[in-house]
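Derivation of every value follows stated rules applied to the coordinates shown; laboratory data play no part. The structure presented is a predicted model; accordingly, all values stated were derived computationally and were not measured. Heads up, the Cβs are rebuilt from the backbone with ideal geometry, glycines too, and the neighbour counts pull from every protein chain shown.
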């Protein structure tokens, strides 16, 4: 039990909520972490899979899906900006030599527009259409027509491009870059898959009746097409790994460094999404001061910069189907606990 009374009471509330989610068969299980600068409580509930064979524990690794955007790609972009390798407002054509702007309209898009989901790139992500295409995937993406630049639409394509760009700028894979970054900030239990199937890895979706669920390999089909390592999906994490990451990022915001400035800028409202929410750089920014992101498999990460509090929610609700019943309600409760 934590020394922080808020952490303890919030953990009790969340435990009750997650037990209800499991009882209603909305997820096989879940592991959450509630933390503040003075304490942390971890809440494991249910099992890792629908067969109920193994309990969910703090050591269980979950496919965090689009949390990859803010756990891997976003901080790696921040590091590249701090090192002078990437300019947020430079056109992508700067990073792709000999690009013909007449046939590659995406070359005018900036990394800032990608991070704010205002790039106008195609929102439908079907990379399998390029299997067998002799063009480099970055050129294929930049050759696609743009829609309305400046309008907020959730777009994976841009993060896919940025992930590949980071690899080429550094001469290393995203997996290697994330491992290096995680080591630097003393975070364990966060990294790209694949992971060996086993009781400490939560399976995701059973796509075919009678088949096996996706287990230890990335759930996102487009990330799988890219080999399981992409800028928008592919990372697996334990609850303590993400909690340590949350703590590190919350500390970074107060530092007098280029990366600290990048974190603070990222959490400023950039484009309005609805009456209560903006998009910053990658992160969603609520009018309440909460910054957060979700993953399609059933994961969420919430940070409250003003208080230093955070909440990690790891479920594999996708195991019961893509409708992920009850997940929206649980996420709403989780968010309310920090504001």
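Among 64, 160, 149, determine the one that fluctuates most according to a GNM of the chain built with springs between C-alpha atoms less than 10 Å apart.
149
Report the equivalent ellipsoid semi-axes for the stretch 171-321 in whole Å, largest first, defined as the square roots of five times the eigenvalues of the gyration tensor built from alpha carbon atoms.
Over the Cα atoms of the stretch 171-321, the semi-axes work out to 28, 19, 14 Å.
When the chain is modelled as a GNM with alpha-carbon springs shorter than 10 Å, which of 269, 28, 123 fluctuates the most?
With Cα springs under 10 Å in the chain, the top fluctuation among 269, 28, 123 is at 123.
Mind pulling the angle between the C-alpha long axis of helix 239-252 and the longest principal axis of the chain? Nearest 10 degrees, somewhere in 0 to 90.
Helix 239-252 sits roughly 60 degrees off the main axis of the chain.
Which one, 169, 242, 290, has the greatest fluctuation when you compute a Gaussian network model over the chain with C-alpha springs under 10 angstrom?
169
If you average the alpha carbon positions of the stretch 316-334 and of the stretch 231-247, how far apart do those two centres end up, in angstrom?
19 Å
Equivalent-ellipsoid semi-axes (√(5λ), Cα gyration tensor) for the stretch 147-207, whole Å, largest first?
Largest first, the stretch 147-207 gives 27, 21, 11 Å.
How long is the gain from residue 208 to residue 89 if the chain were fully straight, where each residue apart is worth 0.36 nm and the alpha carbon distance is subtracted?
Contour length minus the Cα-Cα distance gives 38.5 nm.
Provide the FRET efficiency to the nearest 0.05 for the residue 16-residue 82 pair, computing r from the beta carbons and using R0 = 41 Å.
Efficiency at R0 = 41 Å is approximately 0.45.
What number do you get for the chain when its Cα radius of gyration is normalised by 2.2 N^0.38 Å, N = residues?
In units of the 2.2 N^0.38 Å rule of thumb, it is 0.96.
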